[in-house]
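Chemist: Pasting a structure below so you can have a look.
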Amino acid sequence: MSSLSDFTTLSPPVHDEATTVDHPAVGIDQTAGNFSYKVDYAFDAGTGLSEDTIRYISSVKKEAPWILEFRLAALKKFLAMPMPTHWATKDLENIDFQKIRYYLSQGQKPKRTWDEVPDDIKKTFERLGIPEQERKFLAGVEAQFDSEAAYSNIKDVVAKQGVIFVNSTEGLREHTALFKKFFGKVIPTGDNKFSALNSAVFSGGSFIYVPKGVKVAQPLQAYFRINAENFGQFERTLIIADEGAEVTYMEGCTAPKFSTSTLHSAVVELVALKGAKIQYITVQNWANNVFNLVTKRGVAHEDAEIKWIDCNIGSRLTMKYPGVVLKGERARGEVISIALANDGQHQDTGAKMIHAANNTTSNIVAKSISVGQGRSTYRGVVHIPKHLKGCKNNTECDALLINTNSRTDTYPAITVRGDKNSTQHEASVSKVSEDMIFYMQQRGLTEAQAMSLAVNGFINDLARQFPMEYSVELKRLIDLEMEGSVG
Amino acid sequence: MSQLEIKDLHVSIGEKPIVKGLTLTIHSGEVHAIMGPNGTGKSTLSKAIAGHPDYTITSGDVLLDGASILGQEADERARAGIFLAFQYPSEIPGVSIANFLRAAQQARMAEGEELDASAYYKRLYSKMDLLKIDRKFTSRSVNDGFSGGEKKRCEILQMAMLEPKFALMDETDSGLDIDALRIVADGVNTMRGPNLGVLLITHYQRLLDHIVPDHVHVMYDGRIVKSGDKSLALELEAKGYDWIKKELAASAA
C-alpha cells in the first residue's frame with residue numbers, strides 16, 4: 001500500500017479514517033456470493049448460439065464491421081474445433097451450448113458514479129462490498145454484472161497520468177488503434193475451443209493501458225458477477241504496460257448457486273513492453289455449478305516481468321493454465337497458483353512458460369488441495385528451445401490431500417533442449433492425517449478449524465506474497481470451504 | 001477446585017480391549033504418576049480421556065467436575081480444560097507456534113468475540129520468559145523439523161498458554177536427554193499449583209526425580225494394580241516390574 005499521504009489525497013472522505021489505515025480493507029466479501037436479484041434486462045440475446053446471436057451482440061454494442069467479422073470468423077473456428085476431451089475431462093461434454101444465454105445487460109454504458117448504478121445491481125455490489133473497496137485502497141474499479149460493466153471508475157490522480165482503464169466495449173470504441181494492435185495477438189482466436197468461443201461472443205472485461213514509465217501505485221480491480229441462470233460470461237481483458245510501466249490488476253469473481261450450469265469463459269491478454277511489470281491477481285469463488293474455462297497469457301518483452309497469482313476456489317470444473325511468453329532477453333515470468341477442489345469439483349490448473357529469448361527466467365509454484373471427492377490436476381508446460389542460452393526455470397508442485405477419497409494428478413511437461421539452460425522440478429504430495437487433526441482438536445480447535453489451519457499452513461508461503469486484503473479474503477474462503485466439508 | 005474422575009474405564013482399539021477397568025480420581029493441585037511396563041495401556045488411557053476417535057470406550061465413565069465428558073468431541077474436552085501433552089506431537093507445516101496458539105485461544109472465545117492481539121502477545125512472551133524460551137521459537141512452524149527436546153518444549157509452552165484444569169502427560173520423558181528432561185520438569189514444576197491437576201505417564205523413575213509426585217500408581221494389563229506415594233516409584237525402580245508381576249501372580253494363586 002502507498003504512503004498515508006497518498007492514501008488520504010486519493011480517498012474521498014470516509015467516516016473512520018484512522019481505523020481504515022490501521023486495519024487495511026479486507027477483500028471483497030466473496031463468501032457472501034450465494035444470492036441473486038431479479039433483474040429486468042433491456043438487452044437479451046436469448047438462448048443458444050448462432051450467427052444471429054453474434055450479430056445481435058455486435059449490433060447492440062454498435063461495433064465496427066471489422067469486429068463483427070472477427071466474431072463471425074471465431075464462431076466458425078469454435079464450431080469446427082473438437083472438444084479437447086482426448087486430454088481433458090469428459091465432463092466438458094455436459095456443456096450444452098444451445099442452452100446458454102450469451103448476452104444479458106441493462107445497457108452498454110457503465111456508470112461513472114455509484115449513485116447512477118441501477119438499484120438492483122447496486123444492491124448486489126454493495127452486498128459484496130465493492131464501493132468500500134474502491135474508497136479504501138484501489139486506484140480504479142470496474143464491476144461487471146452479467147455481460148456488461150455496470151460501473152467503471154478510475155481515480156483522477158491515476159487518469160491524469162494517462163492511464164486508461166475502461167471496459168473492453170469502450171476500449172474498442174474509444175481506443176481502437178491501440179486495442180487492435182494487441183487484441184488477439186497474445187491469444188489467437190484458434191488457440192483453443194474456448195478462446196474461439198470467447199472471441200465470438202465476448203463482452204465486458206477490462207482494457208488497460210499504462211503509459212511509458214508510469215507506475216500505478218494502487219491496484220486496479222475488476223469484479224465479475226454472474227447473476228442470471230443458464231448464463232455464459234465471456235469477458236475479454238487486455239492489459240498493456242508500456243515501456244517501464246508498472247501495474248497490478250486484481251479480479252474477483254462470484255456467482256450464486258443455480259441448479260443448472262453456468263459457463264464462464266474469459267480470455268485475458270497481457271503485454272509487458274520493455275522493462276514493464278504486470279502483476280495479475282485472481283481470487284475466484286465460483287458456485288459449484290460453474291464451468292470455468294479461461295485462457296490467460298502474457299507476452300513479456302526485454303527486461304519485462306509478468307506475474308500471475310491465481311487462486312481457484314469453487315466451480316464445477318476449472319481449466320486454466322496462465323502462461324507467459326518470454327519474448328525479450330532477461331524477461332521474467334511467474335505463476336503462483338492455489339487450487340482447492342472440494343466435493344464434486346475438479347480443479348484442472350497449471351502454468352505455461354514459453355522461453356523465446358536468452359537469459360529468460362520463469363518460476364512456477366502450484367499448490368493444490370483436494371478435499372473429500374474433490375479432484376486436482378496440475379498441467380504444466382515449460383519450453384526452452386535448443387538455440388537459447390542462460391534460461392532458467394523452477395517448477396514446484398505441491399498437493400495436499402484431505403481424506404482418502406481425494407485425487408491428485410500431476411502432468412508436468414518440461415522440454416529443455418540444449419545444455420546452456422537449467423531447470424529444476426520438485427513435486428510433493430502430503431496428507432492431512434487423522435493424527436494431525438486430533439492434535440489440533442486437542443488444543444481446542446474444531447475439526448473444521450483444524451482442517452482450515454492445516455490448509456492455510458500449506459499455502460502460507462504463497463499467501464504471504466499476496467496483498468494483505470487478498471490473503472485475508474483467501475483465508476476466509478478456505479475457512480468457509482472447510483466448514484462445509486465437515487459433516 | 002476441580003476433579004477428574006475415571007470410573008471403571010474400559011477402552012478398546014478395534015476389537016482389542018486395552019484398558020480393563022481403571023478407576024482413579026485426580027484433584028486440582030495433585031500430581032499423580034502412572035508407571036508401568038510397555039504395552040500395559042498407559043498411553044491408551046490418556047488418548048481415550050482426550051477423545052481420540054480410534055479409541056472406543058466400551059464401559060465406564062470419565063467425569064470432569066461431576067459431568068461426563070464421554071459424549072464430547074476431542075475439541076470440546078480440550079476447551080473444558082483437558083490437555084494432553086503428546087508422546088509424539090504432530091507437525092503442522094506452515095503454521096507458526098504463535099499463530100497456532102492464537103487460533104487455540106480464539107477457539108475458546110464466544111462467537112463474534114475477537115482475541116486482543118497485543119494482550120495475547122504480551123501473555124505469550126511472559127510465559128516464554130517464565131519457561132526460559134527464546135522469543136524466536138514461536139515464529140517456527142509447529143513441531144516442523146523439531147528435535148525431540150524442542151517438541152517437548154513446544155508442548156510445555158502450549159500447556160502454559162492454555163492453562164488447563166488437568167494435564168495428561170503421555171511419556172513426556174521418552175527419548176529425552178537429561179537437559180531436555182530438565183526443561184520438561186522445570187516447566188511442569190513452574191505450572192504446578194492449586195489450579196492444575198497432573199497425570200504423569202512414564203515408564204521410568206528418572207522423570208520423578210525432577211517432578212515429585214503426590215501419588216504413584218502402577219498400571220499392569222489395563223488396570224491399576226498398586227498405589228502409593230513417591231516411595232513406591234523408588235521401590236519399583238529398585239525391584240523392577242517383575243516384582244509387581246510376581247506379587248500379582250502370588251495374590252491370584
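The values are calculated or read from the model by the stated rules, or taken from the named source; none is laboratory data. This is a predicted model, so every value here is computed, not measured. Glycine gets a Cβ as well: all are built from the backbone with ideal geometry, and neighbour counts include every protein chain shown.
Chemist: Testing B:Ala48 on (1) more than 8 Å from every other protein chain (Cβ to nearest Cβ); (2) surrounded by 20 or more Cβ atoms within 10 Å (Cβ to Cβ); (3) in contact (Cβ under 8 Å) with a residue 60 or more places away in the chain, one condition comes back false. Which one is that?
Modeler: (3)
Chemist: Any residue at all in the range B:148-155 that's farther than 23 Å from B:Lys42 by Cα and not basic (Lys, Arg)? Before the answer, list the steps.
Modeler: Pass one, the range B:148-155, residues farther than 23 Å from B:Lys42 by Cα: B:150.
Of the ones still in play, those that are also not basic (Lys, Arg) are B:150.
Yes, because at least one residue in the range B:148-155 is farther than 23 Å from B:Lys42 by Cα and not basic (Lys, Arg).
Chemist: What residue, of B:Leu207, B:Leu199, B:Leu181, is buried (at least 17 other Cβ atoms within 10 Å of the Cβ), within 24 Å of B:Met35 (Cα to Cα), more than 14 Å from chain A (Cβ to nearest Cβ) and at pLDDT 95 or above?
Modeler: Working: B:Leu207 fails: at pLDDT 95 or above; B:Leu181 fails: at pLDDT 95 or above.
The unique qualifying residue is B:Leu199.
Chemist: Further question: Would you point out which residue out of B:Ser96, B:Ser28, B:Ser43 is over 30 Å from A:Ser430 (Cβ atoms) and either free of Cβ contacts under 8 Å to residues at least 24 places away in the same chain or not charged (D, E, K, R) (or both)?
Modeler: Values: B:Ser96 fails: over 30 Å from A:Ser430 (Cβ atoms); B:Ser43 fails: over 30 Å from A:Ser430 (Cβ atoms).
Sole residue among the options that is over 30 Å from A:Ser430 (Cβ atoms) and either free of Cβ contacts under 8 Å to residues at least 24 places away in the same chain or not charged (D, E, K, R) (or both): B:Ser28.
Chemist: Additional query: With respect to A:Gln465, determine if the residue is modelled with pLDDT under 90, within 32 Å of the chain's Cα centre (by Cα), more than 13 Å from A:Ile369 (Cβ to Cβ) and not assigned by TED's automatic domain parsing to the domain that holds A:Ser406.
Modeler: Working: modelled with pLDDT under 90: yes; within 32 Å of the chain's Cα centre (by Cα): yes; more than 13 Å from A:Ile369 (Cβ to Cβ): yes; not assigned by TED's automatic domain parsing to the domain that holds A:Ser406: yes.
In short, yes.
Chemist: Output the residue which, of all residues in the range A:179-209 that are among the hydrophobic types (A, V, I, L, M, F, W, C) and in contact with a Gly (Cβ under 8 Å, 6 or more places away or on another chain), is nearest to A:Asp52 (Cα to Cα).
Modeler: Of the residues in the range A:179-209, the ones among the hydrophobic types (A, V, I, L, M, F, W, C) are A:179, A:182-183, A:186-187, A:194, A:196-197, A:200-202, A:207-208.
If we keep only those that are in contact with a Gly (Cβ under 8 Å, 6 or more places away or on another chain) as well, we get A:179, A:186, A:196, A:201, A:207.
Numbers: A:Phe179: 25, A:Val186: 28, A:Ala196: 17, A:Val201: 11, A:Phe207: 26 Å.
Per the stated criteria, the residue is A:Val201.
Chemist: Given the criteria within 14 Å of another protein chain (Cβ to nearest Cβ), over 20 Å from the mean Cα position of the chain (by Cα) and either closer than 30 Å to B:Glu76 by Cα or in a strand (DSSP E or B) (or both), does A:Val455 qualify? Quick ask: steps written out before the conclusion?
Modeler: Values: within 14 Å of another protein chain (Cβ to nearest Cβ): yes; over 20 Å from the mean Cα position of the chain (by Cα): yes; either closer than 30 Å to B:Glu76 by Cα or in a strand (DSSP E or B) (or both): yes.
So A:Val455 passes the test.
Chemist: So which residues in the range B:63-80 are surrounded by 22 or more Cβ atoms within 10 Å (Cβ to Cβ) and either more than 10 Å from every other protein chain (Cβ to nearest Cβ) or of a type in the set (Gly, Ala, Ser) (or both), if there are any at all? So that I can check it myself, show each step before the final result.
Modeler: Taking the range B:63-80 as the starting set, the residues that turn out to be surrounded by 22 or more Cβ atoms within 10 Å (Cβ to Cβ) are B:74-75, B:77-78.
Those that are surrounded by 22 or more Cβ atoms within 10 Å (Cβ to Cβ) and either more than 10 Å from every other protein chain (Cβ to nearest Cβ) or of a type in the set (Gly, Ala, Ser) (or both): B:Ala74, B:Ala78.
Chemist: Looking at the range A:379-405, which of its residues are among the basic types (Lys, Arg) and either at pLDDT below 90 or assigned to a strand (DSSP E or B) (or both)?
Modeler: So in the range A:379-405, the residues among the basic types (Lys, Arg) come out as A:379, A:386, A:389, A:392.
If the condition is that a residue be among the basic types (Lys, Arg) and either at pLDDT below 90 or assigned to a strand (DSSP E or B) (or both), then A:Arg379, A:Lys392 are the ones that fit.
Chemist: Is it true that some residue in the range A:356-369 is crowded, with 23+ Cβ neighbours inside 10 Å and more than 20 Å from A:Thr423 (Cβ to Cβ)? Step through it out loud before you land on a result.
Modeler: Residues of the range A:356-369 that are crowded, with 23+ Cβ neighbours inside 10 Å, as a first pass: A:360, A:362, A:364, A:366-369.
With the extra rule that they be more than 20 Å from A:Thr423 (Cβ to Cβ), the set shrinks to A:368-369.
Yes, the range A:356-369 contains at least one residue that is crowded, with 23+ Cβ neighbours inside 10 Å and more than 20 Å from A:Thr423 (Cβ to Cβ).
Chemist: Right, here's the next one. Would you please name the residue that is farthest from the other protein chains (Cβ to nearest Cβ), looking only at residues in the range B:139-160 that are surrounded by fewer than 19 Cβ atoms within 10 Å (Cβ to Cβ) and closer than 14 Å to B:Ala85 by Cα? It would help to see each step written out before you state the result.
Modeler: We begin by selecting, within the range B:139-160, every residue surrounded by fewer than 19 Cβ atoms within 10 Å (Cβ to Cβ); these are B:139-141, B:144-150.
Right, trim to closer than 14 Å to B:Ala85 by Cα and you get B:148-150.
Working: B:Gly148: 16, B:Gly149: 18, B:Glu150: 16 Å.
If we take residues in the range B:139-160 being surrounded by fewer than 19 Cβ atoms within 10 Å (Cβ to Cβ) and closer than 14 Å to B:Ala85 by Cα, then B:Gly149 is farthest from the other protein chains (Cβ to nearest Cβ).
Chemist: Can you name the residue in the range B:89-132 that is more than 9 Å from every other protein chain (Cβ to nearest Cβ) and of a type in the set (Ser, Thr, Tyr) and, of all such residues, is farthest from the chain's Cα centre (by Cα)? Talk me through it step by step, then tell me what you get.
Modeler: Step one: of the range B:89-132, the residues more than 9 Å from every other protein chain (Cβ to nearest Cβ) are B:97-98, B:102, B:109-132.
Next, from what is left, pick out any that are of a type in the set (Ser, Thr, Tyr): B:118, B:120-121, B:125-126.
Details: B:Ser118: 29, B:Tyr120: 24, B:Tyr121: 25, B:Tyr125: 23, B:Ser126: 23 Å.
Within the range B:89-132, the match that is farthest from the chain's Cα centre (by Cα) is B:Ser118.
Chemist: Let me ask you something else. Kindly indicate whether A:Ala427 is within 13 Å of another protein chain (Cβ to nearest Cβ), in contact with a Ser or Thr (Cβ under 8 Å, 6 or more places away or on another chain) and either more than 30 Å from B:His52 (Cβ to Cβ) or hydrophobic (A, V, I, L, M, F, W, C) (or both).
Modeler: Numbers: within 13 Å of another protein chain (Cβ to nearest Cβ): no; in contact with a Ser or Thr (Cβ under 8 Å, 6 or more places away or on another chain): yes; either more than 30 Å from B:His52 (Cβ to Cβ) or hydrophobic (A, V, I, L, M, F, W, C) (or both): yes.
Spelling it out, it is not the case that A:Ala427 is within 13 Å of another protein chain (Cβ to nearest Cβ), in contact with a Ser or Thr (Cβ under 8 Å, 6 or more places away or on another chain) and either more than 30 Å from B:His52 (Cβ to Cβ) or hydrophobic (A, V, I, L, M, F, W, C) (or both).
Chemist: In the range A:59-75, how many residues are surrounded by 14 or more Cβ atoms within 10 Å (Cβ to Cβ), part of a helix (DSSP H, G or I) and either on the phi > 0 side of the Ramachandran plot or over 25 Å from the mean Cα position of the chain (by Cα) (or both)?
Modeler: So in the range A:59-75, the residues surrounded by 14 or more Cβ atoms within 10 Å (Cβ to Cβ) come out as A:60-61, A:63-64, A:67-68, A:70-75.
If we keep only those that are part of a helix (DSSP H, G or I) as well, we get A:60, A:67-68, A:70-75.
Then keep just the ones that are either on the phi > 0 side of the Ramachandran plot or over 25 Å from the mean Cα position of the chain (by Cα) (or both); that gives A:60, A:68, A:72-73.
So the count comes out to 4.
Chemist: Could you check, for the range B:236-253, whether at least one of its residues is crowded, with 16+ Cβ neighbours inside 10 Å, over 29 Å from B:Pro17 (Cβ atoms) and at pLDDT 85 or above?
Modeler: Checked against the condition, which is being crowded, with 16+ Cβ neighbours inside 10 Å, over 29 Å from B:Pro17 (Cβ atoms) and at pLDDT 85 or above, the range B:236-253 yields no hits at all.
Chemist: Could you count how many residues in the range B:161-178 are of a type in the set (Asp, Glu), within 14 Å of chain A (Cβ to nearest Cβ) and outside any strand (DSSP E or B)? Quick ask: steps written out before the conclusion?
Modeler: Residues of the range B:161-178 that are of a type in the set (Asp, Glu), as a first pass: B:163, B:170-171, B:173, B:177.
Then keep just the ones that are within 14 Å of chain A (Cβ to nearest Cβ); that gives B:163, B:170.
Those left that are additionally outside any strand (DSSP E or B): B:163.
Residues flagged as of a type in the set (Asp, Glu), within 14 Å of chain A (Cβ to nearest Cβ) and outside any strand (DSSP E or B) within the range B:161-178 amount to 1.
Chemist: Here is a further query. Taking the criterion of being of a type in the set (Ser, Thr, Tyr), in the same structural domain as A:Leu172 (by TED's automatic domain parsing) and over 24 Å from the mean Cα position of the chain (by Cα), would at least one residue in the range A:85-108 satisfy it?
Modeler: Applying the first criterion (of a type in the set (Ser, Thr, Tyr)) to the range A:85-108 yields A:85, A:89, A:102-103, A:105.
Those still in the list that are in the same structural domain as A:Leu172 (by TED's automatic domain parsing) too: A:85, A:89, A:102-103, A:105.
With over 24 Å from the mean Cα position of the chain (by Cα) added as a condition, the list becomes none.
No, because not a single residue in the range A:85-108 is of a type in the set (Ser, Thr, Tyr), in the same structural domain as A:Leu172 (by TED's automatic domain parsing) and over 24 Å from the mean Cα position of the chain (by Cα).
Chemist: I've got another one for you. Which residue, of A:Thr360, A:Thr377, is closer than 30 Å to A:Ile402 by Cα, in the same structural domain as A:Lys185 (by TED's automatic domain parsing) and among the β-branched types (Val, Ile, Thr)? It would help to see each step written out before you state the result.
Modeler: Numbers: A:Thr360 fails: closer than 30 Å to A:Ile402 by Cα.
Being closer than 30 Å to A:Ile402 by Cα, in the same structural domain as A:Lys185 (by TED's automatic domain parsing) and among the β-branched types (Val, Ile, Thr) holds for just one of A:Thr360, A:Thr377, which is A:Thr377.
Chemist: Would you call B:Ala33 within 14 Å of chain A (Cβ to nearest Cβ), within 24 Å of B:Gly187 (Cα to Cα) and touching a residue at least 40 places away in the same chain (Cβ under 8 Å)? Even if it seems obvious, please write down each step before you answer.
Modeler: Working: within 14 Å of chain A (Cβ to nearest Cβ): no; within 24 Å of B:Gly187 (Cα to Cα): yes; touching a residue at least 40 places away in the same chain (Cβ under 8 Å): yes.
Against the criterion (within 14 Å of chain A (Cβ to nearest Cβ), within 24 Å of B:Gly187 (Cα to Cα) and touching a residue at least 40 places away in the same chain (Cβ under 8 Å)), B:Ala33 does not qualify.
Chemist: Among the residues of the range A:430-445, write down those that are of a type in the set (S, T, N, Q) and facing chain B (nearest Cβ under 7 Å). Write out each step before concluding.
Modeler: The initial filter retains those residues of the range A:430-445 that are of a type in the set (S, T, N, Q), namely A:430, A:433, A:441-442.
Selection gives A:Gln441, A:Gln442.
Chemist: What is the number of the single condition among (1) surrounded by 20 or more Cβ atoms within 10 Å (Cβ to Cβ); (2) farther than 17 Å from A:Ser368 by Cβ; (3) within 23 Å of the chain's Cα centre (by Cα) that A:Asn394 does not meet?
Modeler: Here A:Asn394 clears every test but (1).
Chemist: A follow-up question, please. Restricting to the range A:458-478, what's the tally of residues that are facing chain B (nearest Cβ under 10 Å) and crowded, with 20+ Cβ neighbours inside 10 Å?
Modeler: Number satisfying all stated conditions: 4.
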